[in-house]
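Heads up, the thing below is written out as structure tokens.
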Amino acid sequence: MPERSHVELSLPADPSLLRLARENACLIAEAAGFGREEAEDLRLAVDELCVLCSADHGPNARIRLRFLWDKSAVAVRCVVDPAGSGAPDDGTGLPAGLRPAEISARLLGELVDSYTIEFSGPNHKRGWLVKRHRPELDATRRTAAGDGRERTADIGGSKDG
Amino acid sequence: MDENFSVSETDRHGVPVVKASGELDIATAPDLRDRLAELPAGTRLVVVDLSDVTFVDSTGLGVLVAALRRFQHDDGPGLRLVVNRPQILKVFEVTGLKELFPICPSLEEATSG
């Protein structure tokens, strides 16, 4: 495997196609040497990243994902090219802390080492995440968060679109 | 309907059991939401069987949270979940929702008492 590899994936922001992003995340986790639990974490984290970035857009928008990995970590950047707007179910009516976007942010905070969601223009969000490879975590299943994981990234940290 | 996801409803000892199978995500969560919405709000106990769910994201969790509130009674929650896959249970753990939902490891346990 090269020292550092990358894959780019572009797909419509159609909910039924998000599985493509998840499956891609699994394959890349495998290529990076991640264990099963780490791969599952990345799979869910990439799904949440896409959902958060594309929530305000209709299915005609496009999600562009860039996966960058080496032996120590996988970084994923997500940019949504807006086209039209959707009518997302934002959980209005649910109590604070239990809305899907809040649950999504909580999941990302627990599953990866760092992540960012930012506005790069009106209704134009982009984000990135980094998950480090920790072989010891697949040997002993994590049951709680806050295990002293670093919150820094040294690959894939470019936030430009 | 996503061909990789299905929702069915059965009755077990008088308890409606809504069983989801496949990946519960932003594309399929509306199917589960719609099926749960068909049940009367006053139903004493509803079981959502997630034992054949292989993936759940925040959108799926949002549907379950809404259902938990809808079937909440004065004497406690009227919704129980069946979860027996570690990766699904982990999602409830890391979001703190495990403390909110009655989660059972088997359908037998969820529909008893």
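Values in this text are rule-based calculations from the coordinates and carry no lab data. These numbers were taken from a predicted model, which means no experiment stands behind them. Note: ideal-geometry Cβ built from the backbone for every residue, glycine included; neighbour counts use all protein chains shown.
Is the C-alpha gyration tensor of segment B:16-71 telling us rounded, prolate or oblate? Criteria: a/c under 1.5 is rounded; beyond that, a/b larger than b/c is prolate, otherwise oblate. List each step's numbers first, then the result.
Numbers: a/c = 2.04, a/b = 1.55, b/c = 1.32.
Since a/c reaches 1.5 and a/b is larger than b/c, the shape of segment B:16-71 is classed as prolate.
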(request) Under 1.5 on a/c is rounded, so check that first for chain B, then, if it is not, pick prolate when a/b is larger than b/c and oblate when it is not; a ≥ b ≥ c are the square roots of the alpha carbon gyration tensor eigenvalues. (result) rounded
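Give the order of A:Cys78, B:Cys104 when sorted by the count of other beta carbons within 10 angstrom, beginning with the fewest.
Details: A:Cys78 24, B:Cys104 19.
Exposure proxy ranking, most exposed first: B:Cys104, A:Cys78.
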(message) Beyond a 23 Å Cα-Cα separation, which of these cross-linked pairs lie in this structure: A:Lys71/B:Lys90; A:Lys125/B:Lys98; A:Lys125/B:Lys90; B:Lys19/B:Lys90?
(response) A:Lys71/B:Lys90; A:Lys125/B:Lys98; A:Lys125/B:Lys90
